[in-house]
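To start, the structure under review is shown below, and the notes come after it.
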Amino acid sequence: EKSGYKHFMLKEIMEEPEAIESALVGRVTLEGPVLNELKEFNVERVEKIKLVACGTSYHAGLVFKYFVEKHSNIDVEVDVASEFRYRNIHVDDNTFVIAISQSGETADTLESVRLVKRKGAKVISISNVVGSTITRESDVTVFMNAGPEIGVAATKTYVNQLIVLYILGMHLLRMKGIWNEELQRDFEFLKQAPEIFRKILNNIDLEEISSYYKNYHHFMYIGRGINYPTALEGALKLKEISYINATAYPAGELKHGPIALLDPTFPVFAIAPKDNLFEKTKSNIEESKARNSRIIAITNESNKELEKIVDDIIYVPDSPDDMYPLTISPVIQLFAYLIADMRGYDPDKPRNLAKSVTVE
Ligand code: M6R
């Protein structure tokens, strides 16, 4: 069933183009992005959105926050479910709750849904599993249609969460009368995403780069803005399957403490596409270089500004600023996969982890 791939994780990364296609079916129309699932909701009324999720799904929620806040006045808050369920959450008629769970069975996320339902909130869930508990307990489910994911590390389901959340965000903005050229470009990009992913996955070759890094004991991922979650996700992927102590910080936080860790034994993985925050991230990269850390960076093809500064560089296609969390995802996933495999671990079955976390 691995279709010739060594591991499910690799197979599932390679399936991302088709997974995206399935997530887009019926949701990209001539008029624009549409989510029929939300027909019954007065989405134009929404003023506050609270997202709740765990792990990788939480990172997808963070991307949504940056995206929707950038284009509107909607207040978006994201929390990990194990915190959310014990907070005193306030909801009113104009608050929507979005619960994200690939499996639909994560105990803390389910309890969070129950909590806000008791308080009268409307809950939209985003899940990959038809018939899962979360789909029965929320008001409506938007399915991510990624197909079954066997590997414990979320890969194609993360990509599809992003796709569905971008569509949801665009739908919401459009219903509120917000649309602009940038959103139109983002939407056009989504339509081409399967092809773009095919190109990325066919051309990418990370074997050599991964082999330089496989023996480090530590890793510092940095990113800013909508790619801060990308840094978090890159670090989570690496730690969960390769057992390297990978940590992620917003690049601007480095000098508030973590930069003290950096030395030649502590490489920095910079998520640095040429977006509105690039110059800031670039100076954080330079500061890290000055501590003699080895630097690996991801940026976009046409940006050659990092070539003289960093040790290793991985290019992704030029994309609209909002969309880099998507184009960079397969790269951080493959990097973690290769390192785990080179270190002799089975990435499909990381120690101490289960695919669904059904207990608190
Ligand atoms: O099924 P869920 O989306 O609710 O799962 C949430 C997390 O347990 C999950 O994303 C976990 O972090 C993965 N192992 C990440 O690869």
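The values are calculated or read from the model by the stated rules, or taken from the named source; none is laboratory data. Note that the structure is a prediction, hence the values are computed from the model and not measured. For neighbour counting, all protein chains shown are included, and Cβ atoms are generated from backbone atoms with ideal geometry for every residue, glycine included. Areas reflect the complete protein model, heavy atoms only, side chains present, ligands, DNA and RNA absent. Shrake-Rupley method; radii C 1.70, N 1.55, O 1.52, S 1.80 Å.
Tell me the relative contact order for the chain as a rounded percent, counting alpha carbon contacts under 8 Å between residues six or more apart. Over the chain, the number comes to 19 percent.
What number results when the radius of gyration of the stretch 301-360, computed over Cα atoms, is divided by 2.2 N^0.38 Å?
Working: Rg = 16.4 Å, N = 60, 2.2 N^0.38 = 10.4 Å.
Its radius of gyration relative to the 2.2 N^0.38 Å reference: 1.57.
Out of every Cα pair in the stretch 34-133, what percent are spaced more than 17 Å from each other?
49 percent
Here the scattering of the chain is modelled by Debye summation over its C-alpha atoms, one equal scatterer each and no solvent; at q = 0.06 Å⁻¹ the log10 of I(q)/I(0) is -0.20. Its Cα gyration tensor gives the stretch 240-360 an equivalent ellipsoid. The semi-axes, each the square root of 5 times an eigenvalue, are 26, 19, 15 Å from largest down.
Which of 65/239; 122/280; 191/355; 11/239; 2/274 have a Cα-Cα distance over 32 Å? Table pairs above 32 Å Cα-Cα are 122/280; 2/274.
For the stretch 199-327, the solvent-accessible area of protein heavy atoms averages 40 Å² per residue (probe radius 1.4 Å; ligands and nucleic acids excluded). Structural size metrics of the stretch 100-223, computed from C-alpha coordinates, are Rg and Dmax of 18.4, 54 Å.
Quick check on the stretch 42-94: what does the Kirkwood estimate of hydrodynamic radius come out to from the alpha carbon pairs, in Å? Before the final figure, lay out each step's value.
Details: mean 1/r = 0.0852 Å⁻¹.
Its Kirkwood hydrodynamic radius stands at 11.7 Å.
Relative contact order for the stretch 99-236: what percent, with Cα pairs under 8 Å and sequence separation of 6 or more? Across the stretch 99-236, relative contact order equals 13 percent.
Residues with beta-carbon under 13 Å from that of residue 320, excluding residue 320: net charge, scoring Lys, Arg +1 and Asp, Glu -1?
Values: positive: 70, 185, 191, 274; negative: 181, 182, 186, 188, 275, 318, 321, 322.
Local charge sum for residue 320: -4.
Computed from phi, the 3J(HN,Hα) profile of the stretch 22-32 under the Karplus parametrisation 6.51, -1.76, 1.60 (θ = phi - 60°) reads 5, 6, 8, 4, x, 10, 10, 10, 4, 6, x Hz, with x in place of Gly and Pro.
Need one number for the stretch 288-329: average projected area of the convex hull over its C-alpha atoms, nm². All intermediate terms of the calculation are to be shown ahead of the outcome.
Numbers: hull surface 13.0 nm².
It is 3.2 nm².
What a 1.4 Å probe finds exposed on the chain is 48% carbon and sulfur by accessible area, rounded to a whole percent. Per residue, the accessible area of the stretch 128-174 comes to 25 Å², computed with a 1.4 Å probe over protein heavy atoms only. A DSSP coil position with no more than 15 other Cβ atoms inside 10 Å describes the following trypsin sites (Lys or Arg not before Pro) in the stretch 82-141: 87, 119. The angle separating the long axis of helix 55-71 from the principal Cα axis of greatest extent in the chain is about 70 degrees.
Evaluated at q = 0.16 Å⁻¹, a Debye calculation over the C-alpha positions of the stretch 190-264 (equal weights, vacuum) places log10 I(q)/I(0) at -0.75.
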